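The values are calculated or read from the model by the stated rules, or taken from the named source; none is laboratory data. In this text, all values refer to a predicted model and were calculated from it rather than measured experimentally. Neighbour counts are summed over all protein chains in view; Cβ atoms, including those assigned to glycine, are modelled from backbone coordinates with ideal geometry. What goes into the accessible areas is simple: the full protein's heavy atoms, side chains included, and nothing from ligands, DNA or RNA. Shrake-Rupley method; radii C 1.70, N 1.55, O 1.52, S 1.80 Å.
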Amino acid sequence: MHRLLLAALLTAAAVTAPAHAGLFDKNPDKVADEAVTQRLRAVTVWVDASWGFRNQGAANALSRAHQAFTTRGYDVLSVAPYIENGDLQGFFVTYQKPQGR
């Protein structure tokens, strides 16, 4: 059921975000730089919730990703947690650059 929900969320994001790019499991600063270089309007990144660090580690990783994209003119469009077998695995985070930035 979680996979169906995730598929629906990703499909909805692809429909509503005009220039959607799937760049997963990379350093947020590098992905943000690539997005600027490629003039992408929207970018989705994977933020992992590592074993043993699911609370503070995931929060820190989300904060670093948000900072990387915010400093480059992107806003958070959505944060979708991915849960498998009742365990938080990570987040799909989509950033979007508003028109005119």
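Report the full-extension gain for the segment residue 63 to residue 79: residue separation times 0.36 nm, less the Cα-Cα distance, to one decimal in nm.
Working it through step by step, the gained length comes to 4.6 nm.
Using Stokes-Einstein with the Kirkwood hydrodynamic radius over Cα pairs, what translational diffusion coefficient do you get for the range 28-96 at 20 °C and a viscosity of 1.002 mPa s, in µm²/s rounded to a whole number?
174
Would you work out what percent of the accessible area of the range 28-96, with all protein chains in place, is carbon or sulfur (probe 1.4 Å)?
Answer for the range 28-96 is 51 percent, counting heavy atoms of protein chains only.
Mind putting a number on the dipole of the range 28-96 about its Cα centre? Charges go on the C-beta only, +1 for Lys and Arg and -1 for Asp and Glu, and I need it in Debye to the nearest 20.
I would put it at about 200 debye.
What distance in nm separates the simple spin-label points at residue 89 and residue 72, each placed 7 Å from Cα in the Cβ direction?
Between residue 89 and residue 72, the simple spin-label model gives 2.5 nm.
Would you please give the residues with an amide H less than 5 Å from that of residue 41, counting only those at least 5 places away or on a separate chain, with H modeled from the backbone geometry?
19
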